[in-house]
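Trainee: Could you have a look at this structure, given as structure tokens, before my questions?
The values are calculated or read from the model by the stated rules, or taken from the named source; none is laboratory data. All values derive from a computational prediction rather than experimental measurement. Neighbour counts run over all protein chains shown; Cβ positions are idealised from the backbone, glycine included.
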Amino acid sequence: MTVLSPIQSVAAVAPTSAPAPTTPAADSSSHTLSRHAARTRGPGLSAHLRARIARDFHARLHDEWGGRFVTHGRTPGSDAVRLDGNDYLAVTGHPRIVQAQIDSLAHMSLWEGVRASGATAHPFRHNDPGHLARMIARHGPGLVVVDSVYSTTGALCPLVDVVDIAQAHDCMILVDESHSLGTHGPQGRGLCAQLGLTDRVHFITASLAKAFAGRAGFFTMPDELRYYLMCHSYPSIFSSSLLPHEVAGLAATLEVLRASDAARERLRQHTVRVRARLAQLGYPIAQGSEQIIALEAGTEVDTLALREALESRGIFGAIFVAPATARNRAMVRLTLHAALTDAELGHLEQVAAEIAPQVRPWAWPSARRQRPLSTSSA
Ligand SMILES: Cc1ncc(COP(=O)(O)O)c(C=O)c1O
């Protein structure tokens, strides 16, 4: 959001003949700001703003600071004594915080979080608690990161086993509940609540752009981390906050969702029904069990053909291709909801049957992957 303050408003109408400054802030040569602007891309500053910089800043920069920035000095070396942060308990770089073990299908936003934190990610096989245990044994304890319901396949995380393993190995755990908040658990409180795990999970994150149909998100954390995070997390320092009407909308949605047991039950019944019928028709959907159903045709060409076959018969899903998926694991994602009518579900099932001989789901690479594998270790 852009707010024009009175000063900026004046700047917008200030005469262009305002005095020109002499030296650009970050340039110790004698170029003027206008020449500096001519050398750089993008719009130049207004004359008023230039005058203001010259008046309020240049004397400080040149006369008092000798042309150097007072706030930016040398780059500290590795042997420097650092007394410049707010990390009072010196937990930055703590191995338990920077090491992360992460499910290989965890949502991209979680991978971005790992990258932004500078942590080392050690992926473990999707929904394979045994492999998680072996990776922890190999790499040491860290933060285990999983989705409760995986956003592309609709697979449910074996959360009790994962939490048991995390706890037994002294790991912290983060669960992204974006696709289970509102749909799972008592009053829609999510999978951790449903399984009685809330007090054993360190961090729960959730997008409120799913069942909440809003545009926000939240995370929970242990009490003792609260103030540290408020000081150190860029989004909490630099992002704008929600507006009162957005909070009011989300609060009202929360009340509606809490009281939506009947809709949750309908969604469950739809899920069971559609999944059973699609599986019977030969669609390889056994990797998931929840309201998200992935029709993973594989290549983008095959996915286009599948999309066209569905859309020309009035069925519209969401298309996922690389980089949202691995290359050649493209899919049409069908997301069920509680308001689907019996006629609509019947139409979906009828179309799925009609196009099956054409799109041949039993021949998709995802179908081959679902056939029993010979045992492997590692
Ligand atoms: C599992 C999961 N986590 C997080 C997000 C990010 O949500 P948002 O778009 O609200 O940032 C998504 C959205 O696709 C998601 O599926």
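Trainee: Please identify the pairs in which a residue from segment 139-152 that is closer than 23 Å to A326 by Cβ has its Cβ atom under 6 Å from the Cβ atom of a residue that is of a type in the set (D, E, K, R) and more than 9 Å from the ligand (Cβ to nearest atom), counting only partners at least 6 apart or on another chain.
Mentor: Here the result reads V146/D103; V149/E290, each pair linking segment 139-152 to a residue that is of a type in the set (D, E, K, R) and more than 9 Å from the ligand (Cβ to nearest atom).
Trainee: Out of all the residues in segment 238-282, which are exposed (fewer than 12 other Cβ atoms within 10 Å of the Cβ) and outside any helix (DSSP H, G or I)?
Mentor: Result: S239, S240, S241, L243, A259.
Trainee: To continue, here is another question. Given the conditions (1) more than 14 Å from the ligand (Cβ to nearest atom); (2) over 26 Å from I285 (Cα atoms), and given that G214 satisfies all but one, which numbered condition is not satisfied?
Mentor: G214 satisfies all of (1) more than 14 Å from the ligand (Cβ to nearest atom); (2) over 26 Å from I285 (Cα atoms) except (1).
Trainee: Continuing with this model, one more query. Residue check, M172 against (1) under 22 Å from S260 (Cβ atoms); (2) more than 15 Å from the ligand (Cβ to nearest atom), all met but one. Which one?
Mentor: Answer for M172: the failing condition is (1).
Trainee: Filter segment 181-211 down to residues that are out of contact with any Leu (no Cβ under 8 Å at 6 or more places or on another chain) and more than 12 Å from the ligand (Cβ to nearest atom) and give me whichever is farthest from C171 (Cα to Cα).
Mentor: P186
Trainee: Going through R268, R277 one at a time, which residue ends up being basic (K, R), more than 30 Å from V114 (Cβ to Cβ) and touching a residue at least 60 places away in the same chain (Cβ under 8 Å)?
Mentor: None of the others qualify; the one that does is R277.
Residue-by-condition table, conditions (1) of a type in the set (S, T, N, Q); (2) within 30 Å of A216 (Cβ to Cβ):
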{"position": "S260", "(1), (2)": "yes, yes"}
{"position": "R268", "(1), (2)": "no, yes"}
{"position": "A294", "(1), (2)": "no, yes"}
{"position": "R307", "(1), (2)": "no, no"}
{"position": "E311", "(1), (2)": "no, no"}
{"position": "T325", "(1), (2)": "yes, yes"}
{"position": "T335", "(1), (2)": "yes, yes"}
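Trainee: Still on this structure, please answer the following. Looking at this structure, is V160 of a type outside the set (S, T, Y), under 22 Å from S117 (Cβ atoms) and either more than 15 Å from the ligand (Cβ to nearest atom) or in contact with a helix residue (DSSP H, G or I) (Cβ under 9 Å, 6 or more places away or on another chain) (or both)?
Mentor: It is false that V160 is of a type outside the set (S, T, Y), under 22 Å from S117 (Cβ atoms) and either more than 15 Å from the ligand (Cβ to nearest atom) or in contact with a helix residue (DSSP H, G or I) (Cβ under 9 Å, 6 or more places away or on another chain) (or both).
Trainee: Return yes or no: is E177 without any contact (Cβ under 8 Å) to a residue 24 or more places away in the chain and within 14 Å of the ligand (Cβ to nearest atom)?
Mentor: Taking the combined requirement at face value, the residue does not satisfy it.
A quick yes/no check of all residues on (1) farther than 16 Å from M221 by Cβ; (2) at pLDDT 85 or above; (3) away from the ligand (no atom under 14 Å from the Cβ):
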residue: G85; (1), (2), (3): yes, no, yes
residue: Q99; (1), (2), (3): yes, no, yes
residue: L110; (1), (2), (3): no, no, no
residue: H126; (1), (2), (3): yes, yes, no
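Trainee: Regarding E265, is this residue away from the ligand (no atom under 16 Å from the Cβ), modelled with pLDDT under 90 and out of contact with any His (no Cβ under 7 Å at 6 or more places or on another chain)?
Mentor: No.
Trainee: Can I ask one more? Hey, among the residues in segment 132-153 that are under 20 Å from S289 (Cβ atoms) and of a type outside the set (V, I, T), which one's nearest to the ligand (Cβ to nearest atom)?
Mentor: Restricting to residues being under 20 Å from S289 (Cβ atoms) and of a type outside the set (V, I, T), the top hit is S151.
Trainee: Continuing with this model, one more query. Under 7 Å between Cβ atoms, at least 6 apart or on separate chains: pull out the pairs that start in segment 103-122 with a residue that is assigned to a helix (DSSP H, G or I) and end on any residue that is more than 14 Å from the ligand (Cβ to nearest atom).
Mentor: V114/A100; V114/A121; S117/V98
Trainee: Would it be correct to say that T341 is under 25 Å from the mean Cα position of the chain (by Cα) and modelled with pLDDT under 95?
Mentor: Judged against the criteria, T341 is not a match.
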